[in-house]
Amino acid sequence: MNLAAFKELRAKSGVLRTFLLADACIQLAELCAWVVLPWWITSQAGAAALAMYGSTMAVAMLVAAPLAAPWGDRVCKSQQMRLGLVTKMAIAAAMAVVAVTDAFSLVLLLPLAVVQFVASAVIDQSRANILQELLPPDQLPMAIRLRKTSQSVSGMVGPVLAGFSLGVVGVAGALCVLVTLLGVALFFALQIPTRTAAIAQQGGLRQWWLALQSGVIAKWSMPMERGWTAVNFIVWIFQGPAVGMLIPIKVHALGLSGDWLGYQLGALSFGVLCGSVWGSEVLVHHFGRYTVRLALGVFEGLALTLVGCATSAYWMLIGLALAGFCNASLALVGATHRALAIPQNYRVRIFAASSMSTQIAGAIGPALVGMALARWNINAVYMAFGLLMSTSVLGFLWVPRLREFLTLGHTEVVDWYGHQYPQVFK
């Protein structure tokens, strides 16, 4: 879309600007929490407590989606955002009080964090779908591009802001910054117009469960999709902790301050931004989707291995930036193909099954971290997870018809699953 169209979009819809500001503040707040809470737990209770926190949050993510699902079409999405933000503000304020009074307790923190995750699930489902209600169809492509750009910038700024806050005002101050960001997000969310809720889905949670079941059955019935999901499941067991909870443990083990954690996560986000903007497109043009997906998965694991054996903050920065680049390119390559291949009436339920698979893997990974750290130091564990990720990615070599599938053009791949496995989608 050209500059004139962008100006027309801006002139027609001030509500888009309001939503983007609210969305950016929510993103910044979530990324701040992603930095501050693991650092707080690691500093107060050690790596084992962080592993317990990670496992608990992964389970919370697994149950949050079905808990939030019945709200989706029954309540106005802007109202969902407001409700979720008020809840998150209250929880963040409670955490700030705990930090100020130096009354840290994992038993107290875990329930607060679980409630915060459920609130995030409500907010995220409204953020993901509200643009279709606020804007006419011809304005959506530019709006989605603007949102992705805004989120990429927030991905770099959020961790750095959190790290700077930790370094200057400590955990309590950083949690106050989190409360402030949520308050600003709520201010903008209150200006988003309310809309009459769409026709409610019948069945609520039961309907979600039936859709999930049919998605799992469809996945299992297609050899390529079954293999792709299985490899992703194993990869994420090791990749998830290596780009998440192991980073604050490593930073703490190197004796670095909290602001360095923000810089490290900012480097990871910078790599993701570079990979998203131009990396994947350039590499696919020169080497093809199949080769890029396989090679970048292996390289990401090796980059994370470099992070594990790093003895200085600067080598960590380099390793995480490389890992972020590979991660973005790896995630994007084949994602559009996979989405287009699924018949439209099955996309939501198959994506729900994929999400469930990822969340289960996300619960296993932190549990393995906790057991591994009881025996070995952080360097050995981090390197092992990086190498195991690289090895797991090689499983794509045995996924049936994956090379053939990834060589197809975007037009050829539309409803490919439906054409190849018509019995699955009767």
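Some observations on this one:
- In region 204-426, Cα pairs under 8 Å separated by at least six residues give a relative contact order of 37 percent.
- Stokes-Einstein D for region 13-196, Kirkwood Rh over Cα pairs, 25 °C, 0.890 mPa s (µm²/s): 145 µm²/s
- Near residue 280: Cβ cut-off under 15 Å, other residues only, Lys/Arg at +1 and Asp/Glu at -1. The net charge is +2.
- Multiplying the residue separation of residue 421 and residue 397 by 0.36 nm and subtracting their alpha-carbon distance yields 6.5 nm.
- Taking the alpha carbon gyration tensor of the chain, multiplying each eigenvalue by 5 and rooting it gives semi-axes of 32, 29, 22 Å, largest first.
- Whole-number D in µm²/s for region 204-426 (Stokes-Einstein; Kirkwood sum over Cα pairs; 25 °C, 0.890 mPa s): 133 µm²/s
- On the principal axes of its alpha carbon atoms, region 290-352 extends 51, 24, 12 Å, with the longest extent given first.
- Two-decimal log10 I(q)/I(0) for region 200-322, as the Debye equation yields it once each C-alpha is a single scatterer, q = 0.16, 0.21, 0.23 Å⁻¹: -0.90, -1.13, -1.26
- Kyte-Doolittle mean at least 0.5, axial Cα span of 18 Å or more - DSSP H helices of the chain: 14-45, 47-68, 77-100, 106-129, 140-189, 258-274, 289-309, 313-332, 347-373, 378-393
- Charged neighbours of residue 184, selected by a Cβ distance under 14 Å, balance to 0 (K, R count +1; D, E count -1).
- Gain upon complete extension [residue 254, residue 43; 0.36 nm per residue less C-alpha separation]: 74.7 nm
- Summary of packing: across the peptides 16-25, 223-232, the per-residue average of other C-beta atoms within 10 Å ranks them, highest first, as 16-25, 223-232.
- Burial order of peptide ranges 37-49, 278-290 (average beta-carbon count within 10 Å, highest first): 37-49, 278-290
- Value of relative contact order over the chain, rounded to a whole percent, pairs C-alpha under 8 Å and six or more apart: 25 percent
- Efficiency of FRET from Cβ geometry, residue 331 and residue 221, R₀ 30 Å, rounded to 0.05: 0.75
- Length-normalised contact order for region 306-394 - Cα pairs under 8 Å, 6+ apart - percent: 50 percent
- With a cut-off of 13 Å between beta carbons, the residues surrounding residue 85 carry a summed charge of +1, where Lys and Arg count +1 and Asp and Glu -1.
- Label separation (residue 63 vs residue 278): 4.7 nm, computed from points 7 Å beyond Cα along the C-beta direction.
- Highest average first, the peptides 309-317, 82-90 ordered by how many other beta carbon atoms sit within 10 Å of their residues are 82-90, 309-317.
- Among 406, 268, 31, the residue with the largest mean-square fluctuation in a Gaussian network model of the chain, with springs joining Cα atoms closer than 10 Å, is 406.
- Here is the P(r) of region 316-426: all C-alpha pair distances, binned every 10 Å from 0, give 11, 31, 33, 18, 7, 0 in whole percents.
- Note on residue 128 and residue 311: the extension gain reaches 61.9 nm, defined as 0.36 nm multiplied by sequence separation minus the Cα-Cα distance.
Any read-out appearing in this document is the output of simple, stated calculations on the displayed coordinates, not a laboratory observation. Being a predicted model, the structure only gives us computed values, none of them experimental. Heads up, the Cβs are rebuilt from the backbone with ideal geometry, glycines too, and the neighbour counts pull from every protein chain shown.
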